[in-house]
Amino acid sequence: MISALLIIPMGAAFAMVLLARARSRIQDSFALLAGASLFALSALTLAKIGASPGSVLVRKTAGLLPPAGIALVVDGLSALMLAVANLVAFFVV
């Protein structure tokens, strides 16, 4: 779930470049879809973290520990900030 929060914006940005010559309505609907899915994922992450206080989600890239790999960590505050930022971005789009 944490990886999707990185993959969706990168994939959406790549698709928007490919859709540059398409109608703006297609680009707008694609941006709206990406924003809605990001907000839904961030709300699910917040609900998962909020269900058990003090919990932390950790995703280790390729199963390697740092410094060889990258660890993505989401705690309560970062999940809340992620949800608020995605909510604001959804309404801006």
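Here is how the numbers come out for the structure above:
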| quantity | calculated |
| --- | --- |
| The chain, accessible area per residue, ligands and nucleic acids excluded (1.4 Å, Å²) | 69 Å² |
| Three-way shape call for the chain based on the alpha-carbon gyration tensor, with the a/c threshold at 1.5 | oblate |
| Using alpha-carbon coordinates, inclination of helix 76-92 to the longest axis of the chain, degrees | 10 degrees |
| Exposed-site-free run, longest, the chain (rule: trypsin sites (Lys or Arg not before Pro); DSSP loop; at most 15 other C-beta within 10 Å) | 24-93 |
| Sequence-separation-based contact order of the chain, relative, with Cα cut under 8 Å and 6+ spacing, percent | 30 percent |
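The values are calculated or read from the model by the stated rules, or taken from the named source; none is laboratory data. Keep in mind that what you see is a predicted model, and the values were worked out from it rather than measured. When we count neighbours, we look across all protein chains shown, and the Cβ atoms used for this are built from the backbone with ideal geometry, even at glycine. Please note that ligands, DNA and RNA were not included when accessible areas were found on the heavy atoms of the full protein model with its side chains. Shrake-Rupley method; radii C 1.70, N 1.55, O 1.52, S 1.80 Å.
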